[in-house]
Each structure stands twice: as structure tokens, then as C-alpha cells.
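Since the structure comes first, as C-alpha cells, the remarks are kept for the end.
The values are calculated or read from the model by the stated rules, or taken from the named source; none is laboratory data. Everything numeric in this text was worked out from a predicted model, so none of it was measured. All Cβ positions, even for glycine, are placed from backbone atoms using ideal geometry, and neighbour counts span all protein chains on display.
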Amino acid sequence: MKLAPNPLKQALAAGQPQFGMWVGLVDTICAEICAGAGFDWLVIDQEHAPNDVRTVMHQLQTVAAFQTQAVVRPVVGHTHIIKQLLDVGARNLLVPMVESGAQARELVAAVRYPPAGVRGVGSALARAAQWNRITDYLPRANDEICLLLQVESAAGLRNLDDICAEEGVDGVFIGPSDLAASLGHLGNPGHPAVKQAVLDAIRRIRASGKAAGLLVASAEAAVEYVQAGANFVGVGVDTVMLAKATAQLAAAVREQAAATSSSDAGGLGY
């Protein structure tokens with residue numbers, strides 16, 4: 001068995017817009033539903049969702065049956081955490097809170113085997129290598145990992161050019177919510193100053209030859225940022241979509257029931 005090329009890494013390198021969403025419900029059925037929706041990628045989130053290595057692996061196994069590519073966001077960019085996620089089969093990582101070129105360099109090393117990096121060699125125990133059934137995994141794994149870094153602070157923006165300059169970084173994702181907080185606009189990622197900072201960051205990222213990404217709240221916003229140069233764009237979060245849909249349904253049924261009750265009461269002469 002040979003190691004298959006990484007479709008997401010190839011598409012981003014070619015500059016093709018790739019649309020996706022977050023899955024944070026920590027459930028394989030939810031992941032399966034979202035994987036069949038037609039997105040290019042899904043983020044399996046550890047940073048803000050209660051995922052551990054085993055639940056991430058189960059969702060990776062589920063999504064593997066679809067063309068949608070799984071991206072894993074670790075809770076933090078520590079080498080030992082990254083090692084475990086890579087070994088259970090994550091090929092695409094989105095690492096949060098990156099603020100310097102030195103940090104980016106450490107993360108590149110974390111996803112690569114020696115001598116190019118510091119990833120521990122344990123392919124006989126690794127789902128990623130199909131327990132050594134992928135005969136060329138060790139020599140080719142370094143080239144097929146897609147490393148995406150999140151810049152989401154004022155410090156990260158100041159060091160953005162250094163982060164983008166690191167060979168082995170495939171793309172940089174701007175986190176509007178944390179960036180808004182860092183710039184003094186907590187809870188308001190749509191603030192004009194935040195939006196301008198995001199647009200400027202996208203321009204700088206693409207000028208460096210890297211993929212540029214962000215998470216937006218609507219399809220219209222996605223198109224706007226793609227036109228500005230973004231090519232890794234998130235357009236939804238499963239928890240948000242479920243919360244919104246259930247609240248709308250509950251409100252609609254209560255409104256309809258109230259209207260029907262009022263109409264019936266009037267017909268009875270009350």
C-alpha cells in the first residue's frame with residue numbers, strides 16, 4: 001500500500017478556494033452528516049470542543065469515507081499533542097495562537113520526521129501508516145502533511161511576515177474573534193478596524209505564496225473574502241447552526257400555536 005497524495009494540500013498550493021465548516025459536537029453521526037454535505041474540508045476542533053485523541057480518531061475514521069478532507073485543530077501547538085494527532089491519522093492541522101516566526105518554525109519541526117524535524121517515529125503503532133502497511137509512509141509523510149497556522153492577535157499580525165516566511169507552513173488562518181479581542185473589540189469581529197486588519201493580513205499572506213483563511217458568518221461574506229484573496233474559508237459551525245435552527249423552530253411553533261389559539265378563541269365567542 002502506498003501513501004496517497006493530500007488533496008487539500010494540493011488544492012491550497014494551487015490557490016483553489018476551499019470551503020468548509022467546524023464540527024464541534026464530538027459525534028461521529030454529526031461528522032458523517034457534515035462530511036456528506038459537499039464541503040471541501042471539516043475542522044475537528046479540540047481547542048474549544050471537548051474532543052480527546054480517541055474522539056478525534058473516531059471522527060477521522062468517519063470522514064475518511066467521504067471526499068471531504070478532515071482538518072484537526074489541536075488544543076495547543078505542543079509537540080507531544082501534535083505527534084499523537086498525526087499518528088491517529090490527521091494529515092491537516094490548524095494550530096491556534098501562533099505569534100512568531102520562531103513558533104512557526106517549531107511547529108514545522110513538530111510535523112516532520114528527523115532529520116528535518118522532531119516527530120517521533122512510531123509508525124508500527126500508527127493508524128496514519130496503517131501500522132506499517134503503507135510501505136512508503138516514513139519517507140513521504142513529511143511532504144503530505146498540511147500545516148495551517150492561526151494568527152489571531154496583534155502580536156501575530158506584527159510578526160505575520162516572519163510566520164509566512166517559514167518553509168513548511170502551507171497557510172495562515174486569521175481568527176477574527178480572538179483578533180477582535182486582541183485589538184480591543186471583544187465580541188465584535190465585524191468592527192471596521194478588525195475587518196481592515198483581516199483584509200490586510202490576507203493580502204500579505206497571499207503575497208508570501210501561502211494559503212490564506214478565515215471563518216465567516218455567511219455565504220455572502222465568504223464570497224467577499226475569496227475575492228480579497230482568501231482560499232481556505234469556513235462558513236459555518238455545527239453548534240451554531242443547530243442552536244439557531246432549534247431556536248427558530250421553537251419560536252415558530254409557539255407563534256403558530258398562539259395564532260391558532262387566538263383564532264379558535266375568537267370563533268368560540270370568548
Residue list for the range 209-218, restricted to those being buried (at least 18 other Cβ atoms within 10 Å of the Cβ) and more than 11 Å from Phe173 (Cα to Cα)
Val216
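Per-residue answers, yes or no, for (1) surrounded by 19 or more Cβ atoms within 10 Å (Cβ to Cβ); (2) among the charged types (D, E, K, R):
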residue	(1), (2)
Ile81	no, no
Leu85	yes, no
Arg91	yes, yes
Met97	no, no
Val111	yes, no
Ala116	no, no
Considering the range 27-64 alone, what residues qualify as being in contact with a His (Cβ under 9 Å, 6 or more places away or on another chain) and hydrophobic (A, V, I, L, M, F, W, C)?
Ala31
Is there a residue being assigned to a loop (DSSP other than H, G, I, E, B) and within 17 Å of Ile174 (Cα to Cα) anywhere in the range 100-107?
yes
Only residues in the range 76-104 that are on the phi < 0 side of the Ramachandran plot count as the first member; pair them with residues that are of a type in the set (Asp, Glu) and in a loop (DSSP other than H, G, I, E, B), Cβ under 8 angstrom, at least 6 apart or cross-chain, and list the lot.
Val76/Glu47; Pro96/Glu47; Pro96/Glu152; Gly101/Glu166; Ala104/Glu166
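Yes/no matrix, rows are residues, columns are (1) surrounded by 12 or more Cβ atoms within 10 Å (Cβ to Cβ); (2) charged (D, E, K, R); (3) over 24 Å from Cys30 (Cβ atoms); (4) in contact (Cβ under 8 Å) with a residue 12 or more places away in the chain:
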site	(1), (2), (3), (4)
Pro189	yes, no, yes, yes
Arg204	yes, yes, yes, yes
Glu220	no, yes, yes, no
Val240	yes, no, no, no
Ala252	no, no, no, no
Can you tell me how many residues in the range 226-237 are in contact (Cβ under 8 Å) with a residue 24 or more places away in the chain and outside any loop (DSSP other than H, G, I, E, B)?
7
Looking at the range 36-53, is at least one residue within 28 Å of Gln227 (Cα to Cα), surrounded by 14 or more Cβ atoms within 10 Å (Cβ to Cβ), of a type in the set (Gly, Ala, Ser) and at pLDDT 95 or above?
no
